[in-house]
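Read-outs throughout are calculated quantities, based only on the coordinates presented, and are distinct from any laboratory measurement. Quick caveat, the model's predicted, so the values are computed rather than measured. All Cβ positions, glycine included, derive from the backbone under ideal geometry; neighbour counts span all protein chains shown.
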Amino acid sequence: MPTPRNHTTTRRTATTMPINPPTSAPAERDGGGSALLHLLHLVSPALPIGGFAYSQGLEYAIDSGWIGDHAELEQWIGGVLSHGLARVELPLLLRFAQAYQQPDPAAVQYWNRWLLANRETKELLFEDQQLGLALRKLLRSLAVIDGTDELPQQPTYASQFARAALHFGVGRREMLSGFAWSWLENQIAVAGKTLPLGQTAAQQLLMRLLPGIDQAVATALSLADDDLGATLPGVAIASTLHETQYSRLFRS
């Protein structure tokens, strides 16, 4: 994979990236309200991009008996958050936002290809591509991006989420926390449909996992380019087997 412009001579760390939005934030120009409200819009489960349709292997892990109770569920989700999102999606959001802000189209394309290459199964790759296309279509309809804009060519979900967050003046830490919260809430929703997990128990689990978001954000902010990447064999195996699972609720 080619190296992006400005990535050959300087080993940048995420902590060198600007944490605050530009002084003239797009949200101030489009009359769309506060950055917080726009972030809540982006992470809402009602956002019409279809994120609720995917389980990322969790449905198979539950159906197969790998996860049989609340403690095992908490361990699974917490592990993916700390060893997956914290080292892949969250630091990539920072790099996408910086590349769009500069702007640096070559870096956008590079990190988009890097993220797609890190999808270990056809199912996970399909999900990222479909959510990315759906979010780009929505952003076009909301006039966040131009209708002819094709950057990147096969957009990942993170690339479009970062672009929207930058447009609306969302701070970097808030962007990462919102993205992680949306993922966590969806994983709990998956479990609620496939495990005996009542609404109160689900909220209790969310509360126990919330500190993991702050930890994941801190990790993402500290990683250099060469430190990115995750190895989650259990998730990859579960996702692969979910692709041919006989009966399933979630998309493959």
Residues whose modelled amide H sits under 5 Å from the amide H of Ile67, counting only those 5 or more places away in sequence or on another chain, are Ile62
What are the extents of the Cα atoms of segment 46-241 along their three principal axes, in Å, largest first? 47, 33, 29
Expressed in nanometres to one decimal, the distance between label points 7 Å along Cα→Cβ at Ser222 and Arg140 is 4.1
Length gained when the stretch Ala71-Thr148 is fully extended (0.36 nm per residue, less Cα-Cα span): 23.0 nm
